[in-house]
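Some notes on the structure that comes next.
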Amino acid sequence: MSNDEQQDGYLEGQLLIAMPSMQDPRFERTVIYMCAHSAQGAMGLVVNKLADHISFHDLLDQLTIDVPDVENEIRVHVGGPVETGRGFVLHSGDYQQESTLLVNPEFGLTATVDILRSIAIGEGPRRSLLALGYAGWAPGQLDSEIQENGWLHTPADLELVFDSDLESKWERAINKLGIDVSFLSSDAGHA
């Protein structure tokens, strides 16, 4: 992300963290990696919620991806409530296809079946997270939600995004800001 985008307030490449007062149960205690954010809207993937209805093996079977010996089994996450039948792989920047969106040098996003095959046979990115669905916002919607005290944000790092300890990820993301969760208020701008 360029410095100009940072100064414009866009959160591409950052983590969006739900405030404790988040009213929408779909986003309660979520951490979202922001893949895109501009005047046209925003898109991100929830990185701390697992899909309990499908496994990586099941997904490969449904997509008729024939891999005799799956070398790399990854967990399937719920990426958000939009297009829940569509898969996205957030991954380290060491992997790139023609269709890969490089968010920044550390993170890429690929949404083709080829990356799933590559991961299964052990030739995919060094680190990856498979998500079904995504979180999306219309133009100005995310900015309004942030102003209404719905979200915090912090720079993303590979360790926090890709580690497997999902239970503590939300709290660790808030701790990156140096904030004690017990001091967070749901009241915006009131003394």
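The values are calculated or read from the model by the stated rules, or taken from the named source; none is laboratory data. The structure displayed is predicted, hence computed values, not measured ones. All Cβ positions, glycine included, derive from the backbone under ideal geometry; neighbour counts span all protein chains shown.
Structure above, values below:
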{"item": "Criterion: in a strand (DSSP E or B), farther than 16 Å from F56 by Cβ and without any contact (Cβ under 8 Å) to a residue 24 or more places away in the chain - qualifying residue of G136, G108", "result": "G108"}
{"item": "Some residue of the stretch 66-86 being among the hydroxyl-bearing types (S, T, Y) and crowded, with 19+ Cβ neighbours inside 10 Å", "result": "no"}
{"item": "When residues of the stretch 55-65 are limited to those that are touching a residue at least 40 places away in the same chain (Cβ under 8 Å) and either of a type in the set (S, T, Y) or surrounded by 14 or more Cβ atoms within 10 Å (Cβ to Cβ) (or both), the one farthest from E167 (Cα to Cα)", "result": "I65"}
{"item": "Residues located in the stretch 71-98, provided they are in a loop (DSSP other than H, G, I, E, B), within 12 Å of the chain's Cα centre (by Cα) and over 9 Å from Y134 (Cβ atoms)", "result": "none"}
{"item": "Residue in the stretch 139-164 that is surrounded by the most Cβ atoms within 10 Å (Cβ to Cβ), counting only those that are β-branched (V, I, T) and touching a residue at least 12 places away in the same chain (Cβ under 8 Å)", "result": "V161"}
{"item": "Search result, residues across the stretch 1-49 that are among the small types (G, A, S), at pLDDT 90 or above and either part of a loop (DSSP other than H, G, I, E, B) or under 15 Å from L102 (Cα atoms) (or both)", "result": "G13, A36, A39, G44"}
{"item": "Filter result (over 18 Å from N48 (Cβ atoms) and touching a helix residue (DSSP H, G or I) at 6+ places or on another chain (Cβ under 8 Å)) within the stretch 101-116", "result": "E106, L116"}
{"item": "Tally, over the stretch 60-100, of residues that are acidic (D, E), at pLDDT below 90 and closer than 21 Å to N48 by Cβ", "result": "1"}
{"item": "Any hit, the stretch 146-156, residues being among the small types (G, A, S) and either over 24 Å from A39 (Cβ atoms) or in a strand (DSSP E or B) (or both)", "result": "no"}
